[in-house]
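Asks: Structure below; questions to follow.
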Amino acid sequence: MKQYTHAWLGLKAIELLRSYAGRFSDERNEHLEDFLRFISSHPSTFVRGAWFPDTHICDNLQGGHTWKYKLDAVNGIKVKYRPPMHNNCYQLVKDGLKQKISLNVRRSDLPDRCEALSLAIRDMILITNKVESGDVVAFNDSQVALLFLMLAHYACDAHVPVHCDDRDLNKPPKVHGDLEEFWEDEILKFYKVSTENERFNLDENYSLQLDDDQAGFTDSILYKCDEVLKESEWSNLDDAKDHWSSFLGKKNNNFWDYLVSVCLVSFHMSLKMFPIDPPDGIDYETLRIMETSPFKEDVLKYSPLILADAINTVSLLWLASWERWELLKKEAISA
């Protein structure tokens with residue numbers, strides 16, 4: 001994904017979390033309120049901070065942004081992890097998830113990256129809360145917010161189908177770039193953005209604002225993404241246990257399990273959108289997906305589901321990361 005897409009997904013995640021306010025247990029509602037107060041106080045960091053993995057860390061080629069599968073009926077294995085039922089793309093590909101696949105281990109670190117970032121967030125908050133104000137070993141809120149945004153970056157990349165497909169759909173093919181460029185262009189077209197200042201123009205509640213001068217929003221993938229979000233809510237919402245892992249899906253105990261399940265679905269979405277055996281006359285090395293049928297129609301059809309799933313994931317993992325330190329603090333006090 002590109003710069004403003006990552007920031008937009010993070011800001012949409014805040015909007016989604018606000019819609020869940022008051023729907024959890026009293027304790028989790030307090031956690032959510034505290035987190036929203038914290039993350040909403042750093043709106044200027046979203047565009048730059050969410051983009052740091054590409055501009056400053058640049059671990060793309062080491063697998064930080066990818067988890068690369070390929071079909072392998074002979075030497076492969078069946079991946080057991082499955083996302084929660086609110087994952088919209090899961091419903092489209094679930095019948096194919098039992099196929100044997102192999103992982104390109106040299107280009108696959110994404111779930112590990114997210115697990116590590118979440119634990120780093122927990123530790124940073126705990127350290128800061130336990131040392132005197134102004135101590136040089138303490139972290140400031142901006143540093144903690146940056147890690148939340150970096151976590152969102154990697155988590156969103158798990159939802160990009162081509163990030164989970166070991167085929168080369170990037171160079172010389174333009175499939176990867178065309179897909180992400182389309183999403184970026186849609187966001188810059190319909191939302192108020194200051195590219196000079198690298199920030200979205202938010203309202204007084206720190207919410208995204210549509211550009212009223214642009215017609216056609218109700219026909220866009222972004223409007224349809226909003227409609228998908230209205231229809232899908234977190235699995236196990238009403239009877240979830242106190243622990244955040246209740247939202248990750250059956251048998252998923254941590255971020256790593258959850259993100260492996262997301263990457264598995266994304267891989268099969270890539271096969272669905274860009275079949276291994278393309279239609280006659282199609283060469284992936286020269287294909288422009290937004291100019292060619294049926295690829296253009298598939299991108300328009302599936303993008304709202306992909307983006308909605310990414311927003312759900314960021315929201316879920318942000319709240320879970322916040323709860324990680326809250327629960328550890330609670331255990332430390334009671335010990």
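Asks: To the nearest 500 deg cm²/dmol, what mean residue ellipticity at 222 nm is calculated for the chain from DSSP H runs of n ≥ 4 alone, each contributing -39,500 (n - 2.57), summed and divided by the residues?
Replies: Mean residue ellipticity, 222 nm, calculated: -16500 deg cm²/dmol.
Asks: Can you give me the C-alpha center-to-center distance between the range 195-235 and the range 280-335, rounded to a whole angstrom?
Replies: The two parts, judged by their Cα centres, are 16 Å apart.
Asks: Still on this structure: Run a plain Debye calculation on the range 1-120 (Cα atoms as equal point scatterers, no solvent) and give log10 I(q)/I(0) at q = 0.18 Å⁻¹, rounded to two decimals, same order as the q list.
Replies: Evaluating at q = 0.18 Å⁻¹ gives log10 I(q)/I(0) of -1.20.
Asks: Here is a further query. For the range 1-69, what size does the Cα cloud have along each of its three principal axes, sorted from largest down, in whole Å?
Replies: Projected onto the principal axes, the Cα atoms of the range 1-69 cover 43, 32, 16 Å.
Asks: Another question about this same structure. What FRET efficiency, computed as 1/(1 + (r/R0)^6) with R0 = 30 Å and r the Cβ-Cβ distance, is obtained for Arg23 and Ala73, rounded to the nearest 0.05?
Replies: It comes to 0.10.
Asks: Kirkwood Rh over alpha-carbon pairs of the range 3-334, then Stokes-Einstein at 25 °C and 0.890 mPa s: what D in µm² s⁻¹, rounded to an integer?
Replies: So the translational diffusion coefficient is about 119 µm²/s.
Asks: Quick one: what are the phi-derived ³J(HN,Hα) couplings along the range 306-323, Karplus 6.51/-1.76/1.60 with θ = phi - 60°, whole Hz, x for glycine and proline?
Replies: 4, 5, 5, 5, 5, 5, 4, 5, 4, 4, 5, 6, 5, 5, 5, 5, 5, 5
Asks: Let me ask another. Using a 10 Å cut-off on Cβ atoms, rank the peptides 216-223, 182-189 from the highest mean neighbour count down.
Replies: Per-residue Cβ counts within 10 Å, averaged per peptide and sorted highest first, yield 182-189, 216-223.
Asks: Given Cα pairs under 8 Å that are at least 6 residues apart, what percent is the relative contact order of the range 3-334?
Replies: Contact order relative to length: 29 percent.
Asks: Angle check, please: helix 255-273 long axis (alpha carbons) against the longest principal axis of the chain (alpha carbons), in degrees 0 to 90, nearest 10.
Replies: Taking Cα atoms only, the helix is inclined about 20 degrees.
Asks: Another question, then. Using a ≥ b ≥ c from the Cα gyration tensor of the range 122-230 (square roots of the eigenvalues), is it rounded, prolate or oblate, where a/c under 1.5 gives rounded and otherwise the larger of a/b and b/c decides, a/b for prolate?
Replies: It comes out oblate by the Cα gyration axes.
Asks: Mind checking the full-extension length gain between Lys272 and Lys230? Use 0.36 nm per residue of separation minus the Cα-Cα distance, one decimal, nm.
Replies: Extra length available between Lys272 and Lys230 comes to 12.6 nm.
Asks: Karplus couplings for the range 76-81 from phi (6.51 cos²θ - 1.76 cosθ + 1.60, θ = phi - 60°), rounded to Hz, Gly and Pro as x?
Replies: Each residue's phi maps through the Karplus curve to give x, 10, 8, 7, 8, 6 Hz.
Asks: For the residues Trp325, Trp67, Trp256, what sequence is obtained by ranking on other C-beta atoms within 10 Å, fewest first?
Replies: Listing Trp325, Trp67, Trp256 from fewest to most nearby Cβ atoms yields Trp256, Trp325, Trp67.
Asks: To continue, here is another question. How do His42, His159 line up, fewest other C-beta atoms within 10 Å first?
Replies: If I rank by nearby Cβ atoms, fewest first, I get His42, His159.
Each value in this text was obtained by applying a stated rule to the coordinates, not by laboratory testing. Predicted, not measured: the structure shown is a model, and the values here were computed from it. Note that each Cβ is placed from the backbone with ideal geometry, even for glycine, and that neighbours are counted across all protein chains shown.
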